[in-house]
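Heads up: the structure comes next, in C-alpha cells.
The values are calculated or read from the model by the stated rules, or taken from the named source; none is laboratory data. Remember, predicted model here, so these are calculated numbers, not experimental data. Quick reminder, even Gly has a Cβ in these numbers, built from the backbone with ideal geometry, and neighbours come from all protein chains shown. What goes into the accessible areas is simple: the full protein's heavy atoms, side chains included, and nothing from ligands, DNA or RNA. Shrake-Rupley method; radii C 1.70, N 1.55, O 1.52, S 1.80 Å.
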Amino acid sequence: MTASPSLRRLWVAALLFAPSLLWAHGISPEDRQRMLDGGNLQYIGLGATHMLTGYDHLLFLFGVVFFLTTLKDVAKFVTVFTLGHCITLILATFYGITWNYFLIDAVIAVSVIYKGFDNIGGFQRVFEMEKSPSLLGAVFGFGLLHGFGLSTRLQQLPLGDDSVGMLMRILSFNVGVELGQLAALAGMVAVLAWWRHTHSFRRISHVANLGLIVAGTLLMLMQLHGYLHDTDPNGFRFPAEEHRHIHEDMDVEKAVDSSRNKL
C-alpha cells in the first residue's frame with residue numbers, strides 16, 4: 001500500500017526538521033558557563049528557553065489542546081500536565097535520580113505518537129474500543145515522564161553542593177519552564193481558536209494529527225540513534241568511574257585466557 005501524498009509531504013517536512021529535533025534539549029557550553037557566572041534568574045531564563053525550544057514537549061501540548069474548545073478544559077489538562085512534570089523535575093533533580101537522556105527523550109516521543117493516535121480516533125479504529133483511555137490520567141502520567149526528561153538535562157548543569165541553594169536553582173528553572181509553557185500555550189490556543197472557525201480545520205485536522213505521529217516517530221528514531229552512537233561515557237546509564245568500579249569488583253580485567261591468543 002502506497003502512502004498518500006499528504007503523508008509523504010509530512011515525512012519530507014519532518015526529515016528536514018530532524019536535526020533540530022535531535023538537539024532541541026542540548027545544554028551548550030555557553031549555557032553551562034552562564035549558569036556558573038549568573039544567579040537564579042539565569043536558571044529561570046534557561047528554563048523558559050528550554051521549554052520554548054523543547055519540540056517534544058510542545059508537540060505533546062499541541063496534541064492535548066488540539067480539540068479542547070473551552071479555557072476551562074485547557075486549564076484543567078494543562079494543570080494536570082504541569083503538576084506531573086513539576087513532581088519529577090524537582091524531586092528527581094534534587095535527589096540525583098537520572099537515566100540516559102536519549103532513552104528518556106525517545107520514550108517522551110512516544111507520548112507525542114500516543115496523542116496524535118488518540119486524536120485521530122486510533123483506539124476506536126484499531127482496537128475497537130468504545131472510548132479512549134482516561135485522558136486526564138494519560139496527561140498526568142506523561143507529565144511525570146516529561147518532567148523526568150527535563151530533570152536529566154538540568155542535572156548536566158552546575159547546581160552546587162548546598163542543598164538550599166540547589167533547591168532554589170531547581171525551582172528557578174522550573175519557574176522558567178512554566179513561563180515558557182504559558183507563552184507557548186497562549187500562542188497555540190489562539191491559533192487553534194481562530195483555525196476552528198475556518199473551513200480548513202475539519203479538512204486538515206486529521207492530517208495535522210497524522211503529522212504528530214510522524215514527528216513523534218521520527219523524534220523517537222533520532223533519539224534511539226543518538227543513544228546507540230553516543231560516544232560520551234557519562235551520557236550512558238552508568239558514569240565512567242562507576243563503570244570502572246563495577247569492573248574492578250568483578251575482576252573482569254583478570255579474566256583473560258592467554259591460550260586463546262594462538263591459532
For region 175-198, the count of residues that are buried (at least 16 other Cβ atoms within 10 Å of the Cβ) and either without any contact (Cβ under 8 Å) to a residue 12 or more places away in the chain or not β-branched (Val, Ile, Thr) (or both) equals 9
Search region 99-127 for residues that are more than 18 Å from Met222 (Cβ to Cβ) and pair each with any residue that is surrounded by fewer than 21 Cβ atoms within 10 Å (Cβ to Cβ) and hydroxyl-bearing (Ser, Thr, Tyr) when their beta-carbon atoms are under 6 Å apart and the residues are at least 6 apart or on different chains. Asp118/Ser132; Phe123/Ser132
For region 227-242, indicate whether the set of residues that are at pLDDT 55 or above, aliphatic (A, V, I, L, M) and open to solvent by 30 Å² or more (accessible area, probe 1.4 Å) is non-empty. yes
Selection within region 39-56 - open to solvent by 30 Å² or more (accessible area, probe 1.4 Å) and in a loop (DSSP other than H, G, I, E, B): Gly39, Thr53
What number of residues within region 131-162 satisfy the criterion of being farther than 27 Å from Phe117 by Cβ, loosely packed, with under 15 Cβ neighbours inside 10 Å and touching a residue at least 24 places away in the same chain (Cβ under 8 Å)? 1
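Listed here are the residues, each with its yes/no results for (1) out of contact with any helix residue (DSSP H, G or I) (no Cβ under 6 Å at 6 or more places or on another chain); (2) not in a helix (DSSP H, G or I).
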| residue | (1), (2) |
| --- | --- |
| Thr88 | no, no |
| Ala106 | no, no |
| Glu128 | yes, yes |
| Lys131 | yes, yes |
| Ala138 | yes, no |
Criterion (assigned to a helix (DSSP H, G or I), open to solvent by 50 Å² or more (accessible area, probe 1.4 Å) and either more than 26 Å from Leu228 (Cα to Cα) or free of Cβ contacts under 8 Å to residues at least 24 places away in the same chain (or both)) met by exactly one of Leu61, Leu83: Leu83
Select from region 22-52 the residues that are within 12 Å of the chain's Cα centre (by Cα) and at pLDDT below 90 and list them in ascending order. Leu22, Trp23, Ala24, His25, Gly26, His50
Which condition does Gly96 not pass, out of (1) more than 14 Å from the chain's Cα centre (by Cα); (2) part of a helix (DSSP H, G or I); (3) small (Gly, Ala, Ser), if it passes all the others? (2)
Take Ala215 and decide whether it is surrounded by fewer than 21 Cβ atoms within 10 Å (Cβ to Cβ), modelled with pLDDT of 90 or more and under 23 Å from His57 (Cβ atoms). no
